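The values are calculated or read from the model by the stated rules, or taken from the named source; none is laboratory data. It should be emphasised that the depicted structure is a prediction, and the values quoted were computed from it without experimental measurement. Here the Cβ positions follow ideal geometry from the backbone for every residue, glycine too, while neighbour counts run over all protein chains shown. Remember, those area values only see protein heavy atoms, side chains included, never the ligands or the DNA or RNA. Shrake-Rupley method; radii C 1.70, N 1.55, O 1.52, S 1.80 Å.
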Amino acid sequence: WNADSLAARRGRLWPDGAAWPPRFFETLFPPERTQALQAAVDRRIERGVAPNQDRRPLVYYEQIRRWDRLSGSGLAGLLTGWHEAPWPWSLGLLAILTGIGLMARQRWGQPVVSMASTGMAGMGIDLLILLLFQTYRGTLYLKVGLITALFMAGLGLGAWVGTVLLKRGAGARALLWGDLVWVGFMLAMLPLTYAMDRMDGAWLEALLLILALVAGALTAMPFPWVSSLLLLTRGSVAEASEIAQAGGIADATDHAGAIFGALLTGTFLIPLLGFSGSLLLLGGVKALSALGGLLPGGAGQRRRSWRGAV
């Protein structure tokens, strides 16, 4: 509401551009307008609606609820419930994903669970990095292609590194360590998201681009390991059809997880839990996957042909 603070913030976001004087913001936001907006915000806060914040862009979710009311999609109950109790609903989702993971582990083995959780985490972090860029730089359009390209480059790099490690004997234990590295990566991002508001624009962009590259590499690195573990059968040499099935299962599992990661992170987690909460919940998904690798049978593979499973 203060013209001086708005001018100062604009100067931090675009230090190389021409300064906008506080008088310009006084013209854009005269006292009668800001007072009316403040009163409207206060009324919504009294009804239990949290204010929109940089680290918790609730306005995205309010737009979804608005379109739901206009379209009559029938999702009002779900959207309202998640809005009123975001953490209980999100933890309930985590419990449901855990149950699905246990069933998938029983049927197809731990590698499939790890690959699905990696797909979910990778897509979720990619979306989070895009929104971090939008939040702290004020505009995303000119750099969205570059961020996406760096993530895709990371996918190629990660697949190559995973292949090299596979040739050196990496297997189920490497898959477990990969899950733990994901957890560490998300925990390391927590303080970085707080520091971004104080970083110079060029350093901030470089950091986000590096994070996109690393996230892509961590997403694709387990792919060769999962495909290899799916090929292991009881005393038999994999046939060509089984090789194709293993690759298809690994790829489909990764994309299935990515679907959940995209929908949940962009729609519910970031607006309702904020950046920190989203990182913690996605980290919890990978932590549960790592726990599955420590359970009996987690380091091994399903002892039967994948032909029958498919």
> What is the diffusion coefficient of the range 160-218 in µm²/s, taking the Kirkwood radius over Cα pairs and the Stokes-Einstein relation at 37 °C with a viscosity of 0.692 mPa s?
Replying inline: 248
> Tell me, Kirkwood radius of the chain from alpha-carbon pair distances, in Å?
Replying inline: 21.5
> Which whole-number value in Å² is the accessible area per residue of the range 45-101, probe 1.4 Å?
Replying inline: 63
> For the chain, modelled as a Gaussian network with Cα springs under 10 Å, which listed residue fluctuates most, Ala244, Ala256, Ala290?
Replying inline: Ala244
> Using the Kyte-Doolittle scale, which helices in the chain average at least 0.0 and also have C-alpha atoms spread 18 Å or more along the helix axis, with helices defined as whole DSSP H runs?
Replying inline: 86-108, 110-137, 144-167, 172-195, 201-220, 240-264, 270-294
> How many nm separate the modelled label positions at Leu187 and Arg69, each set 7 Å beyond the Cα in the direction of the Cβ?
Replying inline: 4.2
> Which parts of the range 272-292 would a label at Val41 reach, counting a residue when its backbone N lies under 20 Å from a point 7 Å out along Cα-to-Cβ?
Replying inline: 272-275
> What relative contact order, as a whole-number percentage, does the range 19-142 give when Cα pairs under 8 Å and 6 or more residues apart are counted?
Replying inline: 10
>> With a 1.4 Å probe and all protein chains left in place, how much of the accessible area of the chain comes from carbon and sulfur atoms, in whole percent?
In response: 67
> If you look at just the Cα atoms of the range 122-240, how large are its Rg and its Dmax in Å?
Replying inline: 17.2, 58
> At 37 °C and 0.692 mPa s, what whole-number value in µm²/s does Stokes-Einstein give for the translational diffusion of the range 1-52, with Rh from the Kirkwood sum over Cα pairs?
Replying inline: 264
> Given a 1.4 Å probe, how much area per residue of the range 153-206 is accessible, in Å²?
Replying inline: 56
> Given the rule -39500 (n - 2.57) for each run of at least 4 DSSP H residues, summed and divided by the residues of the chain, what is its mean residue ellipticity at 222 nm, to the nearest 500 deg cm²/dmol?
Replying inline: -26000 deg cm²/dmol
> Alpha carbon centre of the range 38-87 versus the range 134-182: separation in Å?
Replying inline: 33
>> Please compute, over every Cα-Cα pair in the range 50-135, the percentage with a separation greater than 22 angstrom.
In response: 47
> Using the Cα atoms as the points, what is the convex hull volume per residue of the range 105-148 in Å³?
Replying inline: 63
> Based on the mean of other beta carbon atoms within 10 Å per residue, what is the order of 73-85, 212-224, most packed first?
Replying inline: 212-224, 73-85
> To two decimal places, what compactness ratio does the range 1-105 give when its Cα radius of gyration is scaled by 2.2 N^0.38 Å?
Replying inline: 1.56
> Relative contact order (percent) for the chain, with alpha-carbon contacts under 8 angstrom and 6 or more residues of separation?
Replying inline: 30
> Over the range 132-182, with a single point scatterer placed on each C-alpha, what log10 of the ratio I(q)/I(0) does the Debye formula yield at q = 0.18, 0.22, 0.29, 0.30 1/Å?
Replying inline: -0.71, -0.82, -1.06, -1.09
